[in-house]
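The values are calculated or read from the model by the stated rules, or taken from the named source; none is laboratory data. Everything numeric here is computed off the predicted structure, so don't read it as measured data. Please note: Cβ atoms are built from the backbone with ideal geometry, for glycine as well, and neighbour counts cover all protein chains shown. Ligands, DNA and RNA are excluded from the accessible area calculation, which covers all protein heavy atoms including side chains. Shrake-Rupley method; radii C 1.70, N 1.55, O 1.52, S 1.80 Å.
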Amino acid sequence: MHQLVIDDLTIEYQRAGYTVRPIDGLNLRAEPGSLVLLLGPSGCGKTTLLSCLAGLLTPAKGRITFGPTEITALKGSALTAYRRSGVGVVFQAFNLVPSLDAMANVAVPVRTAGASAHAAKIRAAELLERVGMSDRAHHRPGNLSGGQQQRVAIARALANDPPLVVADEPTAHLDYVQVESVLRILAGLTDGGRVVVVATHDDRLLPLASQVVELMPHGAPPTAAAPVSVTLVAGETLFREGDRGDLIYVVDSGTLDIVRHGSGGVETHLVSKVAGEYFGEMGPLFRLPRSATARARTESTVTGYSVGAFRALLGDRPLSELLSPAAGADTFVPGWAPPVADTSG
């Protein structure tokens, strides 16, 4: 399998008389067997970048190479061949053909690549078994759940065994139960050295990632609002599980407990935060509800930072390095002391 290399990539288009550059000078290296996550708000260029990787869009500047293939230079029959067998695409809205059953949907790209009907049927059956959909092989999309449709879509993307797979928000339309099976499948796609690039807002994919790339709209950096100081008495709650929040907190003094409430109201203690440690990033970063409750164990003082202000506090250190899949539940890695920053102005 091959390394994916993106050099100085710039994508631009015209909108209402203005030039928009969702991607401007992007550089990226992904080794064989990597799962790369593209994170960022709407409009930051995630889907646009996937379209370039799939050979569906030509950038204004820069180069994308995958092993010996320069994707951005492909034209004509070479581009058609790449789209057919060099890359597999998993769409956010599944894009299955409504009139065809699951078997036929997966078999179509195999037939398009020149295989016989019999060979295509065998290949489709193998892939449906791989994604746990053998018992739904003859069901049409309208008779499948969202999770089942996405598994069929993943099988279709693998039809011609592409060395590169791109997926656009593959868990966006799935509920909590459905997403588990799709996450397991995505985790296994890199077997054999395949490179998988996923655009997502779903923080549950973070523990699976080999590499996290944060994208921001060009010319629109996050606002670095003034930090907010909060003093809590022992037992006071800072935020509750399910709340919406836009601040990341650093503990100045005292101790806070991060807890989660399960079925029947049973409380589980996840982690404690002390001076110099921080928490609460998942909600602001991914625009998600708080996944846990933060409560002061002792009298405590915390400072809340907007995402922009917190990025400024980190300096050159990428935020993705500090995400802690093991800690879970809206919390950063313990033990990090934030750099001293002048916030008086």
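So here's what we get for this one:
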| read-out | value |
| --- | --- |
| Boolean, Leu158 is within 27 Å of Gly67 (Cβ to Cβ), touching a helix residue (DSSP H, G or I) at 6+ places or on another chain (Cβ under 9 Å) and modelled with pLDDT of 90 or more | yes |
| Filter pass, Gly114 being open to solvent by 20 Å² or more (accessible area, probe 1.4 Å) and at positive phi | yes |
| In region 154-205, residue farthest from the chain's Cα centre (by Cα) [restricted to those that are farther than 24 Å from Tyr82 by Cα, part of a helix (DSSP H, G or I) and among the β-branched types (Val, Ile, Thr)] | Val177 |
| Cross-chain or 6+ apart pairs with Cβ under 7 Å, region 29-51 first and closer than 14 Å to Ile6 by Cα and touching a residue at least 60 places away in the same chain (Cβ under 8 Å), then assigned to a strand (DSSP E or B) and not aliphatic (A, V, I, L, M) | Ala30/Gln211; Val36/Gln211; Leu50/Asp168 |
| Matching residues, region 206-230, being modelled with pLDDT of 65 or more and either of a type in the set (Val, Ile, Thr) or more than 26 Å from Gly25 (Cα to Cα) (or both) | Pro207, Leu208, Val212, Val213, Ala226, Pro227, Val228, Ser229, Val230 |
| Members of region 31-56 found to be over 15 Å from Val198 (Cα atoms) and at pLDDT below 90, listed by number | Gly43 |
| Flag for Leu26 being aliphatic (A, V, I, L, M) and either without any contact (Cβ under 8 Å) to a residue 24 or more places away in the chain or open to solvent by 50 Å² or more (accessible area, probe 1.4 Å) (or both) | no |
| Sole exception among (1) modelled with pLDDT under 80; (2) under 21 Å from the mean Cα position of the chain (by Cα) for Phe279, by number | (1) |
| Unique match (being open to solvent by 10 Å² or more (accessible area, probe 1.4 Å), under 21 Å from Leu100 (Cα atoms) and either among the β-branched types (Val, Ile, Thr) or touching a strand residue (DSSP E or B) at 6+ places or on another chain (Cβ under 8 Å) (or both)) among Asn160, Asn143 | Asn160 |
| Selection within region 26-73 - part of a strand (DSSP E or B), under 19 Å from Leu189 (Cβ atoms) and small (Gly, Ala, Ser) | Ala30 |
| Residue list for region 70-95, filter: of a type in the set (Phe, Trp, Tyr) and at pLDDT 90 or above | Tyr82 |
| Considering residues of region 52-83 that are among the charged types (D, E, K, R) and in contact (Cβ under 8 Å) with a residue 12 or more places away in the chain only, the residue farthest from Glu214 (Cα to Cα) | Arg83 |
| Residue ranges of strands (runs of 3 or more DSSP E) in region 233-280 with at least 2 members surrounded by fewer than 19 Cβ atoms within 10 Å (Cβ to Cβ) | 248-253, 255-261, 267-274 |
| Filter result for Val36 (open to solvent by 50 Å² or more (accessible area, probe 1.4 Å) and either of a type in the set (A, V, I, L, M) or touching a His at 6+ places or on another chain (Cβ under 7 Å) (or both)) | no |
